[in-house]
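> Structure provided below as structure tokens; questions to follow.
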Amino acid sequence: MGWGRLHRIAVTAARRKRHLPSMREYFRPWKLVSFGVGVLLLIVGSFVFPTIDWDIPISLIMAFLTYLTASWSLRVFLDRRWLYWPVALFFTWFAVDGCYWIYWSWKNPEALVMRSANFGASLALYGICGAIWLYRGDFDGFLAALRRRVRGEAAG
């Protein structure tokens, strides 16, 4: 699949707004708070567990890309929107590994020795964040839907 095809899929997705999250979802207080807590944990982790490839800038870059793409990508996979799978896979790869590779190739190529270890952890966090931010609505609605799901009740 060439770049031209990916571009056409992205343009088609942009024209079909129902497939894209509304800007309101990115600014929901509970999502912003959970994002802030996650970023704080990444920053603290870079000091508590110092490794060659864990610093604040890459933590911020990867967290921001995850916030922008994880819930949309997960929704594409769960809803089996086959047309958008290549875009969702690209977003997932770029947030999990692509930006990491670009950053460390530029800053310190020796850090790329940790790339395979980082991939698994980052992919798991990407999926967890996507699942948390998948819900469209306020925090009270999220808790109510979660309670219904735990009790096994039908949504609605």
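We did not get these values from a lab; they are worked out from the coordinates using the rules stated. Just so it is clear, the structure is predicted and the values come from calculations on it, not from any experiment. No Cβ is skipped: glycine too gets one built from the backbone with ideal geometry, and neighbour counts run over all protein chains shown.
> Viscosity 1.002 mPa s, temperature 20 °C: what is the translational diffusion coefficient of the stretch 3-151 from Stokes-Einstein with a Kirkwood Rh over Cα pairs, rounded to a whole number of µm²/s?
Details: Rh = 16.6 Å.
The Stokes-Einstein estimate is 129 µm²/s.
> Over the stretch 3-151, what is the relative contact order in percent, taking alpha-carbon pairs closer than 8 angstrom and at least six residues apart? Could the numbers behind the result be given before it?
Numbers: 110 pairs, mean separation 40.2, N = 149.
It rounds to 27 percent for the stretch 3-151.
> Something else: Picking from Phe90, Leu112, Trp54, whose Cα lies most toward the positive end of the charge dipole for the stretch 45-156 (charges on Cβ: Lys, Arg +1; Asp, Glu -1)?
Phe90
> Treat the count of other C-beta atoms within 10 Å as a stand-in for reagent exposure and order Cys99, Cys129 from fewest to most. Mind showing how you got there, number by number?
Values: Cys99 18, Cys129 22.
Arranged by neighbour count, lowest to highest, Cys99, Cys129 become Cys99, Cys129.
> Further question: Which order do Trp133, Trp101 fall in if you start with the one that has the fewest other Cβ atoms within 10 Å? Working shown, then result.
Values: Trp133 24, Trp101 16.
Arranged by neighbour count, lowest to highest, Trp133, Trp101 become Trp101, Trp133.
> Sort Ile132, Ile58, Ile102 so that the residue with the fewest other Cβ atoms within 10 Å of its own Cβ comes first and the one with the most comes last.
With the fewest neighbours first, Ile132, Ile58, Ile102 line up as Ile102, Ile132, Ile58.
> Could you pull out every residue, at least 5 positions away or on a different chain, whose amide H is within less than 5 Å of the one on Arg81? Hs are placed 1.01 Å off N in the peptide plane, and Pro or chain starts have none.
Residues meeting the amide H criterion: none.
> Just flag the trypsin sites (Lys or Arg not before Pro) in the stretch 54-156 sitting in loop per DSSP whose Cβ has no more than 12 other Cβ atoms within 10 Å.
Working: sites: Arg75, Arg80, Arg81, Lys107, Arg115, Arg136, Arg147, Arg148, Arg149, Arg151; in loops: Arg80, Arg81, Arg136.
Hits after loop and neighbour filter: Arg80.
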